[in-house]
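The values are calculated or read from the model by the stated rules, or taken from the named source; none is laboratory data. Owing to the predicted nature of the structure, the values given are computational and were not obtained by experimental measurement. All Cβ positions, even for glycine, are placed from backbone atoms using ideal geometry, and neighbour counts span all protein chains on display.
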């Protein structure tokens, strides 16, 4: 088998480029990781310690950052006084609920679009994607009106439905690519072997599992990180973590410590999820895109 | 076990007819190859037999039973697909057990039948592997194993060995034929490789452009093609075609070409007189029915050697004859030199004449 490496020849320009790449990556890493690091550290600091910052240009003062007594009082405040347990549950329920609904409906629809031919199929498919082309804000007002008249505003069900509205087209679009990549002959073989159409469909689900897994995660991420829907559709009864965090910013009192702790509480689960499914996410997303 | 009747079957894809009024009877236990180039309708035919495509018009019967409206699972067939269509996430054992599991066969019976089929196909040691870990030949055996565990009434094979390398393909031809004889199951085998059809089948159905051209034993197809197309498609190296004229001299019919002028045999002349009004014909003769020599003899005529290709046991010689080229298959010790002279003798008992316009065989 041929090597997939790009053949490179040493030249002065190439050497300079190599150094530049390393410098760029180092700066980029710092740029990305530093805010998260500050958030973690600050959530464990007392307010006074958190604002002790060395003077500009005083690099030796950097040790000040690490000179503090760790405290969990901000976390305790979140969960004991501020009801964050409920908001955490709301976030999880909304994210998982919409992901499961989107994937179930999306997989069956994508399968139908992948396996059957009918008049207007291309138009239908384009229409499905086009619903994702408008910015969310543009449809927020009519959506709110509809949801209010259906008494879905402020309920977890309303939030799940709202996320599904936006995740479903995406699910159909991505999963169709996965189904397209499964040879139809496998289902035909199943049917000749004695399977019904539905059994044949079920039999190829393991083959699109990476796609379904990757997509579940994308759905969860979208819903988990969403602020707009949560603040408008979910306001009141179905408050999620981002909305609750935002409410920590009050005119006379910005609760920096609690905000940092809330940030950590919001970030950590998704980080673990990312680590857990990192492998599937990559194979899943490329498998749908690249035909072999 | 079942006989198969394909009765005036048509298949349309939109406005295009892929199969045109196909009529084919397959006897119980017979091995029939459907041979043709890609796009000739042979795969559509097989898929209609399997129930994977609707039949646009006509009727297919297994035995006395009409199957037009039966889903594949109720037809009691087993099919081997061109790309094997194995389930990549299942082991060889589970792949082969699948049709039995779907029919609710007992676990112990499944075990026994899969092991037996695996033994016949010599893949017993691979049962725990997945398709990704198998070679092409092993995958193909697994696909065949999946077909034979159930002892169906009819085997449908869709170019099952087309993707194997040449050596393995030759080996599998013999094995498949032996397996079919042993099981005695009716087999319909689709292929574009005339060698597979000639070597394995009891009868061959040659198709082109959706139309059945000829149905017959391999000998009939090879020795008595019904038209120029069948003659040209079957046979490797391919038959030589030479445009000739028929001329009457001294009461006998002669075949005249810029390179030769040869008398037709009396019985051949009678056929031509009775059935053919034009004087232009296409003569077809297979490369092994032309003798080549460096010395002249009665009935031979001269040509020029363009190129010689030794292929082990035989030698192929390209000879230029006026504006035409003739391919000759001869012994490997033929001593002619490239660009040198040579003399050809045609086996007049075995040449064919085809109508100039319609290509229909006169003999």
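The helices (runs of 4 or more DSSP H) found wholly in the range A:177-269 and carrying at least 1 residues that are touching a residue at least 12 places away in the same chain (Cβ under 8 Å), out of contact with any strand residue (DSSP E or B) (no Cβ under 7 Å at 6 or more places or on another chain) and under 30 Å from residue B:50 (Cα atoms) occupy A:184-193, A:197-225. All of B:150, B:146 fail the test of being more than 20 Å from the chain's Cα centre (by Cα), surrounded by 15 or more Cβ atoms within 10 Å (Cβ to Cβ), at pLDDT below 90 and farther than 21 Å from residue B:199 by Cβ, apart from B:150.
Conditions (1) closer than 18 Å to residue B:363 by Cα; (2) modelled with pLDDT under 95, marked per residue:
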position: B:207; (1), (2): no, no
position: B:213; (1), (2): yes, no
position: B:231; (1), (2): yes, no
position: B:235; (1), (2): yes, yes
position: B:247; (1), (2): yes, yes
position: B:255; (1), (2): yes, yes
position: B:259; (1), (2): no, yes
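So if I check each of B:146, B:141, B:113, which one is in contact with a helix residue (DSSP H, G or I) (Cβ under 8 Å, 6 or more places away or on another chain), over 22 Å from residue B:161 (Cα atoms) and assigned to a helix (DSSP H, G or I)? B:113 is the lone residue from the list that is in contact with a helix residue (DSSP H, G or I) (Cβ under 8 Å, 6 or more places away or on another chain), over 22 Å from residue B:161 (Cα atoms) and assigned to a helix (DSSP H, G or I). One residue stands out in the range A:170-197 among those that are surrounded by fewer than 20 Cβ atoms within 10 Å (Cβ to Cβ) and away from every other protein chain (no Cβ under 12 Å): the one that is nearest to residue A:133 (Cα to Cα), namely A:170.
Kindly establish whether residue A:68 is over 26 Å from the mean Cα position of the chain (by Cα), in a helix (DSSP H, G or I), surrounded by 10 or more Cβ atoms within 10 Å (Cβ to Cβ) and free of Cβ contacts under 8 Å to residues at least 60 places away in the same chain. Spelling it out, it is not the case that residue A:68 is over 26 Å from the mean Cα position of the chain (by Cα), in a helix (DSSP H, G or I), surrounded by 10 or more Cβ atoms within 10 Å (Cβ to Cβ) and free of Cβ contacts under 8 Å to residues at least 60 places away in the same chain. The set of residues from the range A:198-207 being within 11 Å of another protein chain (Cβ to nearest Cβ) and touching a helix residue (DSSP H, G or I) at 6+ places or on another chain (Cβ under 7 Å) comprises A:199, A:200, A:203, A:204.
Yes/no per residue for (1) out of contact with any strand residue (DSSP E or B) (no Cβ under 8 Å at 6 or more places or on another chain); (2) assigned to a helix (DSSP H, G or I); (3) closer than 30 Å to residue A:50 by Cα; (4) touching a residue at least 24 places away in the same chain (Cβ under 8 Å):
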residue	(1), (2), (3), (4)
A:74	yes, yes, yes, yes
A:85	yes, yes, yes, no
A:110	yes, yes, no, yes
A:140	yes, yes, no, yes
A:160	yes, yes, no, yes
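Could you go through the range A:73-81 and let me know if any residue there is in contact with a helix residue (DSSP H, G or I) (Cβ under 8 Å, 6 or more places away or on another chain) and modelled with pLDDT under 80. Among the residues of the range A:73-81, not one is in contact with a helix residue (DSSP H, G or I) (Cβ under 8 Å, 6 or more places away or on another chain) and modelled with pLDDT under 80, which makes the answer no. Kindly establish whether residue B:82 is assigned to a strand (DSSP E or B), on the phi < 0 side of the Ramachandran plot and either surrounded by fewer than 21 Cβ atoms within 10 Å (Cβ to Cβ) or under 21 Å from the mean Cα position of the chain (by Cα) (or both). Considered against the rule, which asks whether it is assigned to a strand (DSSP E or B), on the phi < 0 side of the Ramachandran plot and either surrounded by fewer than 21 Cβ atoms within 10 Å (Cβ to Cβ) or under 21 Å from the mean Cα position of the chain (by Cα) (or both), residue B:82 comes out as no.
Going through the range B:83-110 one residue at a time, which ones are more than 14 Å from chain A (Cβ to nearest Cβ) and over 24 Å from residue B:178 (Cα atoms)? Matches in the range B:83-110: B:106, B:107, B:108, B:109.
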